[in-house]
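The values are calculated or read from the model by the stated rules, or taken from the named source; none is laboratory data. These figures come from a predicted structure and were not determined experimentally. Neighbour counts are summed over all protein chains in view; Cβ atoms, including those assigned to glycine, are modelled from backbone coordinates with ideal geometry. Ligands, DNA and RNA are stripped out before the accessible areas are found, and what is left, the full protein with its side chains, is counted by its heavy atoms. Shrake-Rupley method; radii C 1.70, N 1.55, O 1.52, S 1.80 Å.
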Amino acid sequence: MQLVVARIGRAHGIKGEVTVEVRTDEPELRLAPGAVLATDPAGTGPLTIATGRVHSGRLLLRFEGVGDRTAAEALRNTLLIAEIDPEELPEGEDEYYDHQLIDLDVVTEDGTEVGRITEISHLPTQDLFIVERPDGTEVMIPFVEEIVTGIDLEEQRAVIAPPPGLIDDRAEIASSRDDAGDDPKDLSRDDAEGTPGDGS
């Protein structure tokens, strides 16, 4: 099974290093020196990682055969893809690979349907479930234990305890817009009627 483990960002320095947006919980395994990765687009790869280091909170990689800034910049936005055994499981008890979570049904603790996980977004501070709702819209749910209270791979569902506003924020935003929209109209109307002529 092939999994996207990173996306190449901008070139860093002049010796061929690039920043990468990590999309795996195991960068020390998937993005280690010596790892050979397929790419999307396929024509840019495969790429073999020569060196890796963390700089200012970002992972920097250098690939074999990529020795200058021009070559590094040409790789920008390339996806790095690792081949893994579909039966392989993460080392941690409460850890999951992206492919295990994609397509899980998301429900609240009282059984209310929220939607289906279509993507996992790996941010520097936390991971997010990108959930497609029945009406086709999307909602982002932080993958933290306070919110995601259970993952049941056999039942193919993720159970969440969303804080107020997480999955129903659209209605609240629409309501606040309506309220905000009324006030300026009223004020402008009062000003227009209550202000004496300015001589123009």
Note on segment 1-68: contact order normalised by length, alpha-carbon pairs under 8 Å, 6 or more apart, percent, works out to 30 percent
Lys, Arg +1 and Asp, Glu -1 on Cβ, resulting dipole of segment 105-163 about Cα centre, debye, nearest 20: 160 debye
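How far, in nm, would the chain grow between residue 119 and residue 166 when pulled straight, counting 0.36 nm per residue and subtracting the alpha carbon separation?
Working: separation 47, 0.36 × 47 = 16.92 nm, distance 1.75 nm.
Here the answer is 15.2 nm.
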Solvent-accessible area, 1.4 Å probe, carbon plus sulfur percent, for segment 1-77: 52 percent
So, counting K/R as plus one and D/E as minus one, what does the shell of residues with Cβ under 14 Å around residue 56 add up to? +2
Counting only backbone N atoms under 19 Å from a point 7 Å out along Cα-to-Cβ of residue 153, the residues of segment 13-30 in range are 24-27, 29-30
Antiparallel DSSP bridges in segment 1-142: what percent, to the nearest 5? 100 percent
